[in-house]
1. Just order 193-206, 154-167 by mean Cβ neighbour count inside 10 Å, highest at the front, would you?
2. Estimate the FRET efficiency between HIS67 and ASP140 by the formula 1/(1 + (r/R0)^6), using the beta-carbon distance for r and 22 Å for R0, to the nearest 0.05.
3. At a Förster distance of 41 Å, what's the computed FRET efficiency of SER238 paired with ARG186, Cβ-Cβ distance as r, to 0.05?
4. Mind scanning LYS194/LYS220; LYS130/LYS195; LYS130/LYS194; LYS110/LYS220 and naming the pairs with a C-alpha gap bigger than 29 Å?
5. Could you please report the charge total around ARG201, scoring K, R as +1 and D, E as -1 over all other residues with beta-carbon less than 11 angstrom from its beta-carbon?
6. Which aspartates and glutamates, if any, have their Cα less than 17 Å from the Cα of LYS183, not counting same-chain residues under 8 positions apart?
7. Determine the shape class of region 63-123: with a ≥ b ≥ c the square roots of the Cα gyration tensor eigenvalues, call it rounded for a/c under 1.5, and otherwise prolate if a/b is greater than b/c, oblate otherwise.
Amino acid sequence: MGLAINIVLTVLFVAVLLGLGVTALAVWAAVKAFGVVKRKLMGDAPQKGRLEQPVPTRRATHEAYRHMDVDAGTTPSRIAEVMCEYVQDSVVGSYAQDVIDTLDLADRRKSSLYAEIDGEFERETISWEKFTATANSALDAVYRNCATLANRVQTFDTNDYSRMEEFYRTGGFQTHGTQDAAKLQRWRLLDDTKKEMDGIRSTNQRLLLELGRLSAELSKLSSSDTYDEGESIVEEVSKLVEQTKYYR
């Protein structure tokens, strides 16, 4: 009799446990199903291959943007001061450092070149005016390029670029849906901006190189050949200055 009671009690206990387990499983399944339905209704269902929402940055929101404009009185020292805040950036840091270095080199080129021009030609003569005008236009172009590059550095969203670059590198743009097309367009715009920044930097380097050559030629001006070389450099500088108008 006692054994029978124990068996009955054991069966009842197991049945209760099984009932509780089934009930808990049913509740869990219901909660999951409700969550899925809710996400679908709200349009938040996760989609494979989609990027997370862009992380706001000060470059994206322009919270700390300071427009650099040479015509409005922005000085080279002010441009360099602002760029010092960006030299540690993983994407635009090299551009910021290049602006600082370029402005420093341009200042040294300016001093030596004007000294050479004054040493070789009488002031107000045709030759003096020609070479002085060339130096002025080239240095002005360099300063304007640096201001333009500084503005690009400040507004370039490095977080967004890094995410897009990784997505592009890992083949994330292989589908042809509307969302991927929009992301691909965004990537191309960012990449085009970066290429433009490369172009500005390259043009500045070439301008400073030509000014250095001009200074060297003027320092040994003693023959028509040397003067002709100076004329050819003037022409090259003029072409480069004209090219810089594309970036403004």
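Values in this text are rule-based calculations from the coordinates and carry no lab data. Keep in mind the model is a prediction, meaning the values are calculated, not measured. Here Cβ is always computed from backbone atoms with ideal geometry, including for glycine, and neighbour counts include all displayed protein chains.
1. 154-167, 193-206
2. Numbers: r = 18 Å, r/R0 = 0.83.
Step by step, r from the Cβ atoms, then E = 0.75.
3. Details: r = 38 Å, r/R0 = 0.92.
Here the calculated transfer efficiency is 0.65.
4. On the way: LYS194/LYS220 40 Å; LYS130/LYS195 33 Å; LYS130/LYS194 35 Å; LYS110/LYS220 18 Å.
The answer is LYS194/LYS220; LYS130/LYS195; LYS130/LYS194.
5. Numbers: positive: ARG152, LYS194, LYS195, ARG206; negative: ASP98, ASP101, GLU196, ASP198.
Within the 11 Å Cβ shell, the charges total 0.
6. Those aspartates and glutamates meeting the cut-off are GLU52, ASP157, ASP160, GLU165, GLU166, ASP191, ASP192.
7. Values: a/c = 4.78, a/b = 2.10, b/c = 2.28.
Note, shape of region 63-123 comes out oblate.
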